[in-house]
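Enquirer: I have a structure I would like to understand better, so I am pasting it below and will then ask my questions one at a time.
Read-outs throughout are calculated quantities, based only on the coordinates presented, and are distinct from any laboratory measurement. Note that the coordinates shown come from a computational prediction; the quantities given were computed from them, not determined experimentally. Please note: Cβ atoms are built from the backbone with ideal geometry, for glycine as well, and neighbour counts cover all protein chains shown.
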Amino acid sequence: MNTLDFILFVPVALGFIFGLFKGLVKELASLAAIVLGIFGARLFAPFVSDFLIHHLHFSPKTALPLAYLILFILIAIGLLWTAKLLDKIFDSLALGGLNKIFGGLFGGFKYALIVSVLLNVFNALDARFTLIKSKTKAESVCYKPLMSLAPKLWEESKSTDAFGSGHHKVADEKK
């Protein structure tokens, strides 16, 4: 292991530790709160904005950003509250230990994915400015696996029909 491995491994280890403390339910809820908060705010903000303008007499300039903020916060609070309730249910069913272990694994994976994305961005810059020696990259234990994680997941997500509708297969057969 070299210095590069240490730099790459520390965030993944921290993600594992944070996930271990939070548990899988809270780890998933925090990720869902961000993703669903953004999508929910984007989807419903115009309706809330209209309500703010027509019923509470907000200015159109401030109503839409305020609607986004309100919806994001409400969705996040709702999901995090639900996660807290589920966490208590898991503990009462004596599944708290499994929740923590899987939380650690998920937390480590989440941070590994973040490191992978950052590493790919950094690598694009490194190709131009040579910030890390090729020998250091070649000797690294963590560099290649982390470097390939985000691209592999991206390709897999593009090739998978998440809803099982077969839409892509049918469209391809008609051609």
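Enquirer: Out of the stretch 128-139, which residues are surrounded by 13 or more Cβ atoms within 10 Å (Cβ to Cβ) and either without any contact (Cβ under 8 Å) to a residue 60 or more places away in the chain or under 28 Å from the mean Cα position of the chain (by Cα) (or both)? Full working, then the answer.
Expert: Within the stretch 128-139, the subset surrounded by 13 or more Cβ atoms within 10 Å (Cβ to Cβ) is 132, 136-137, 139.
Passing the criteria: Ile132, Lys137.
Enquirer: Identify the single condition in (1) surrounded by 14 or more Cβ atoms within 10 Å (Cβ to Cβ); (2) within 27 Å of Ala29 (Cα to Cα) that Cys142 does not satisfy, given that it satisfies every other one.
Expert: (2)
Enquirer: Please state which of the following conditions His57 fails to meet, knowing it meets all the rest: (1) more than 28 Å from the chain's Cα centre (by Cα); (2) touching a residue at least 60 places away in the same chain (Cβ under 8 Å).
Expert: (2)
Enquirer: A further question follows. Please work out which residue is farthest from Lys26 (Cα to Cα), limiting yourself to the stretch 107-122 and to residues that are surrounded by 15 or more Cβ atoms within 10 Å (Cβ to Cβ) and free of Cβ contacts under 8 Å to residues at least 60 places away in the same chain.
Expert: Filtering first and then ranking leaves Asn120.
Enquirer: A further question on this structure: Return the residues of the stretch 29-59 that are touching a Leu at 6+ places or on another chain (Cβ under 9 Å) and closer than 18 Å to Phe102 by Cα; say none if nothing qualifies.
Expert: If the condition is that a residue be touching a Leu at 6+ places or on another chain (Cβ under 9 Å) and closer than 18 Å to Phe102 by Cα, then Ala29, Ser30, Ala32 are the ones that fit.
Enquirer: Considering only residues of the stretch 83-106 that are touching a residue at least 60 places away in the same chain (Cβ under 8 Å) and in contact with a Lys or Arg (Cβ under 7 Å, 6 or more places away or on another chain), which is nearest to Met147 (Cα to Cα)?
Expert: Gly103
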